[in-house]
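> Dropping the structure in here first, questions after.
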Amino acid sequence: MTAKWVKIDVISGLFGVAIGFVSFSFIFQWQQKRRKSHSSIFNSEHEENLHWNPLIERRGLGDLLTRLNHIAITVSDVGRSLSFYVDILGLQQIRRPTFDRHGAWLTMGNIELHLIKGIPAIPPVDNLQVAHLAFQTSDMNEVLRKLHELNVDVRQSLTVTNAHKLISEDKPVIIQYFFNDPDGYYIELCNCDVLTEFSFNRNLTIDNIDYHEGIFHNKIFTIIKVLANWKRLVRKHSDEEFDNILKNTTRANEIDEKKFNNLITRRSVYGDILQGFNDEDIKDALLQSNNCIPLTVKILARKRGERRFYRPPSFIEHGEIVDPEPFIMNQNKSD
């Protein structure tokens, strides 16, 4: 009888151990899956917010820097600017340590914005080719409606970009709205994810990107090498030697229309050396250089000297197209 109860106790004990082992194993596996899932979510969110390409070398301090922490701007009235960035843009104010200067800190979601009492650094031009803070949104129509509701004057950029061709051939999908904060700093609201998709070639092959500028991929490195060598040689020549180069260059009898049209297209690029030259200027330089683009550009650059011509792109304001005034800059001083 005693042996029978001993046998039952042993069986019960073994059964309990088995149940305990199964329970422990189940709990252990559940915790492991939970930790893995949490880690996966954290890593995916972390990676999603980073643009680093692991295949591209990060030079200098690249291996030591992790992310951009904040952007700081000087403002004339901290309270007024704080109200704008909270009540208009929807940023959130955060705690700020005590400093020997007035200011306020805000968060933009992934980067902080620090307001510092001081003299604002406002660009002295009335166009959209300026330093700015850009915020991404997925509903541009609602953004525009809300801005009008808040009585914010908005300018819509008409800058041409080819990134929209990756999404649609029928209509431009990249929309950019600009407006100013109380001091005059420019704020941009855009569906910038389209540009990010283009810049990092996500979900697309390199052949889908229409960004070859008329140069075939199998020739581009050869052309770059030739141009780099040409630039190096040209820098060594004085004006007199450059004149000799032109004298030894046979003048073309007719214009290469394809090259001429490419140069004409460059005139729409803000700050390009071709801006400000008319068709006859470009044609004469092409003929003089025997339709050699690098020589043509050098001829035109020499003709202009130290002066640089800038024609800012148009934009829409109050429903009308505005053409900003062109200007000439000479050694960092505008005329």
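The values are calculated or read from the model by the stated rules, or taken from the named source; none is laboratory data. As the structure is a computational prediction, the values presented were derived from the model and not from experiment. FYI the Cβ positions are ideal-geometry reconstructions off the backbone, even for glycines, and counts take in every protein chain you see.
> Taking the stretch 265-310 as the search range and keeping residues that are assigned to a loop (DSSP other than H, G, I, E, B) and of a type in the set (A, V, I, L, M), which one is surrounded by the most Cβ atoms within 10 Å (Cβ to Cβ)?
Leu274
> Also, I was wondering about something else. Test Glu254 against the stated conditions and say whether it is of a type in the set (Asp, Glu), at pLDDT 80 or above and assigned to a strand (DSSP E or B).
No, not satisfied.
> Another question, if that's okay. Find all pairs meeting these conditions: Cβ atoms under 8 angstrom apart; at least six residues apart or on different chains; first residue within the stretch 231-248 and modelled with pLDDT under 60 and surrounded by 12 or more Cβ atoms within 10 Å (Cβ to Cβ); second residue aliphatic (A, V, I, L, M) and assigned to a helix (DSSP H, G or I).
Matching pairs, first to second residue: His237/Ile245.
> Looking at Ile111, Ile119 in this structure, which one is in contact with a strand residue (DSSP E or B) (Cβ under 7 Å, 6 or more places away or on another chain) and exposed (fewer than 11 other Cβ atoms within 10 Å of the Cβ)?
None of the other options fit; the residue is Ile119.
> Where the second residue is part of a loop (DSSP other than H, G, I, E, B) and not aromatic (Phe, Trp, Tyr) and the first is modelled with pLDDT of 90 or more and loosely packed, with under 12 Cβ neighbours inside 10 Å and lies in the stretch 49-78, which pairs have Cβ atoms under 8 Å and are six or more apart or on separate chains?
Within 8 Å, the pairs are Asn69/Ile111; Ile71/Ile111.
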